[in-house]
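So the structure is just underneath, and the comments pick up after that.
The values are calculated or read from the model by the stated rules, or taken from the named source; none is laboratory data. Remember, predicted model here, so these are calculated numbers, not experimental data. So basically every Cβ, Gly included, is an ideal-geometry build from the backbone, and we count neighbours across all protein chains shown. Heads up: the accessible areas ignore ligands, DNA and RNA and are worked out on the full protein's heavy atoms, side chains in. Shrake-Rupley method; radii C 1.70, N 1.55, O 1.52, S 1.80 Å.
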Amino acid sequence: MAQIFQNQKHTIITILLFTLVIQAQYSHQFSKKLSPKSLGLKKQKLTHLHFYYHDIRTTSPPHVVQVAEAATTNTSKTGFGGVSVLDGPLTVGPELTSKIVGRAQGMTASADLNDFGFLFIINYIFTDSKYNGSTLSVLGRNQVLFPVREMPIVGGSGVFRFARGYVLTNTRFFNVSSGDGAFEYNVYVLHY
Ligand SMILES: *[C@@H]1O[C@H](CO)[C@@H](O)[C@H](O)[C@H]1NC(C)=O
Ligand SMILES: *[C@@H]1O[C@H](CO)[C@@H](O)[C@H](O)[C@H]1NC(C)=O
Ligand SMILES: *[C@@H]1O[C@H](CO)[C@@H](O)[C@H](O)[C@H]1NC(C)=O
């Protein structure tokens, strides 16, 4: 009898311990406060990046493809409703042959009935030095005919976690007949 009790006690203790381990593994805590240090976040930094984006349509495959349009896009003076997807190189100098530091990938949509105003949703994926694998996400309005356009940085990854800031872009070169272009970017980003 005592032996059976001993065995049962053993089993109960084992089950209790097991339950505690399971509970620790499958925490039901939805939220908790963390210190920024626990994520390795120290002082906030301001970084300036400078590069060129190349939008080449005359290459195969092209860097930009129109993927959608409305029945009225062709007759709209601003191409309203046209949606394009792009994936083009970022270089350190204005020439396409200069060192590649990343790529821009995303979507643009003609979103203004009256002026050339594009919705830009672009990820900048960096491949150089300590930025390799880190990204910045930009979401904004690009008035392509303006000399300088400003768009907000809405976030980032890798070294750019918790990023915010803005980009300034201008057209360095644009070939109206082919649609090929090179655009200069000045990026101002706060991150840790
Ligand atoms: C718009 O123009 C393009 C190029 O000329 C053509 O391929 C497309 O079919 C046109 N779309 C409509 C909806 O008319
Ligand atoms: C960037 O990272 C990728 C993947 O880890 C690696 O293959 C590549 O060599 C790296 N490039 C540079 C320039 O460090
Ligand atoms: C502009 O594009 C057209 C058509 O592809 C090409 O013939 C011309 O050489 C280009 N101009 C420049 C300055 O690159």
(request) May I ask you to list the residues in the range 136-149 that are surrounded by 14 or more Cβ atoms within 10 Å (Cβ to Cβ), touching a residue at least 12 places away in the same chain (Cβ under 8 Å) and not β-branched (Val, Ile, Thr)? (result) LEU136, SER137, LEU139, GLY140, ARG141, ASN142, GLN143, ARG149
(message) Taking the criterion of being modelled with pLDDT of 90 or more, closer than 30 Å to SER129 by Cα and away from ligand 1 (no atom under 16 Å from the Cβ), would at least one residue in the range 62-71 satisfy it?
(response) yes
(message) Take the residues in the range 141-192 that are at positive phi and in a loop (DSSP other than H, G, I, E, B); name whichever of them is nearest to ligand 3 (Cβ to nearest atom).
(response) GLY179
(request) Output the number of the condition that VAL159 fails; it satisfies all remaining conditions of (1) modelled with pLDDT under 95; (2) in contact with a helix residue (DSSP H, G or I) (Cβ under 9 Å, 6 or more places away or on another chain); (3) aliphatic (A, V, I, L, M). (result) (1)
(message) So in the range 27-54, with the set limited to residues that are in a loop (DSSP other than H, G, I, E, B) and open to solvent by less than 100 Å² (accessible area, probe 1.4 Å), which one is nearest to LEU96 (Cα to Cα)?
(response) GLN44
(message) I'd like the full set of residues that are within 20 Å of LEU145 (Cα to Cα), part of a loop (DSSP other than H, G, I, E, B) and open to solvent by less than 30 Å² (accessible area, probe 1.4 Å), limited to the range 77-112.
(response) THR78, GLY79, GLY81, GLY82, ASP112
